[in-house]
Amino acid sequence: MRFGVVIFPGSNCEQDVVHAAHVLGHEADYVWHGDTDLAGFDAIVLPGGFSYGDYIRCGAVARFSPVMAEVVRFAERGAPVIGICNGFQILAEAHLLPGALLRNQGLKFICKEITVTVEKSACQWMDATPGSLLRLPINHNEGNYICDPETLARMEANGQIVLRYCESDGSRAEGGSAPNGALDDIAGICNERGNVFGLMPHPERVVDPATGHTDGAVVFASIARRLAEVG
Amino acid sequence: MARFQIFVTYKKGIFDPPGATAERALVSLGYDEVSSVKIGKFIQLEVADGTSEERVAEMCGKLLANPVIEDFRIEPVEEA
């Protein structure tokens, strides 16, 4: 399959995504933020970084890039879109995913490997046994997910909560296991349909065995398998 | 030229990490009377004469504030 990886001014994880796709035997090409043609791509990736310097709010300006109107159309027809870190913030600003990402509780930029639990969800990008654990790197200053209680209940009921931060043994600490203060330990969510996925951790950085382990590969493998099945 | 001042603040119930940190810092500096600090954004906007407040509100809802987490207040600036 062929991934389209969008580059906004200030993106800095696009090469990691392309490398991860290549490692897994897929094609991947860059898409410039000014482009308006996504023909030929099976899935779109909004990578991490600091699009437009994170001015106003993270993702607030990128959301109005010419390419984003096409990404919205792409997502609305059910094609797969993933936003990683800053990409997640852009998807939230574009209202392709509910809620918002606030500054980390504690005001620290957090860069470390954490553990997440795979929840039972409708997410097309996460074909893994619910309850299994993934070790993934995080690298962000605004990952403190928030939404109103009604939205949280709706997401829970629809299977839109995909990943939750947890302790290394899979348990969840009483005061929350999210290093950034995220509501209900939420690390990743999808839309109702399951084709749009946003997460703060960086799965693309743990795909090549050279970087230690390959816990992130499941994200890209899941969508590739799904697309192969549905044609 | 018309001028507007825009105040963007977190909605009620949305945790404000910088505000909470400033609050703790003030108390630890001995300002025990401090019970709450909320930190928002202040935006000065210059627009063509005759621009309506509704249009400025549209700019706020679309870009300058995120209605999911923020409220905004617009004040026209009277020229001296």
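Take the alpha-carbon centre of the stretch B:1-28, take the same for the stretch A:154-197, and report the distance between them in whole Å. Taking the Cα centre of each part, the stretch B:1-28 and the stretch A:154-197 sit 27 Å apart. Counting other Cβ atoms within 10 Å as a rough exposure proxy, the listed residues A:PHE3, A:PHE197 run A:PHE3, A:PHE197 from fewest neighbours to most. Taking B:GLU23, B:GLU33, B:GLU70 in turn, the Gaussian network model of chain B (Cα-Cα springs below 10 Å) assigns the largest fluctuation to B:GLU33. Here, chain B has an Rg and a Dmax of 15.9, 48 Å when only alpha carbons are counted. In units of the rule-of-thumb radius 2.2 N^0.38 Å, the stretch A:68-149 shows an alpha carbon radius of gyration of 1.21.
By the rule of a C-alpha distance below 21 Å, with chain neighbours fewer than 8 residues away ignored, the lysines paired with B:LYS38 are A:LYS108, B:LYS11, B:LYS12. Summarising the amide proton neighbourhood of A:LEU102: residues at separation of 5 or more, or on other chains, whose placed amide H is nearer than 5 Å comprise A:ASN144, A:TYR145, A:ILE146. Under 27 Å Cα to Cα from A:LYS112, which lysines show up? Leave out anything in the same chain fewer than 8 places away. Partners within reach: A:LYS120.
Hydrodynamic radius of the stretch A:42-100 by the Kirkwood approach over all distinct alpha-carbon pairs: 11.2 Å.
If you bin all the Cα-Cα distances of the stretch A:2-230 at 5 Å, starting from zero, the percentages per bin are 1, 7, 16, 21, 22, 18, 10, 3, 1, 0. Which length gain, in nm to one decimal place, applies between A:ASP148 and A:TYR55 when the Cα-Cα distance is subtracted from 0.36 nm times their residue separation? Between A:ASP148 and A:TYR55, full extension yields 31.0 nm more. With the simple spin-label model, which puts each label point 7 Å out from Cα in the Cβ direction, the A:TYR30 to A:PHE64 separation comes to 2.5 nm.
Read-outs throughout are calculated quantities, based only on the coordinates presented, and are distinct from any laboratory measurement. Here the structure is a predicted model, which means the values were calculated and not measured. Because the Cβ atoms are built from the backbone with ideal geometry, glycine has one as well, and the counts that use them run over all protein chains shown.
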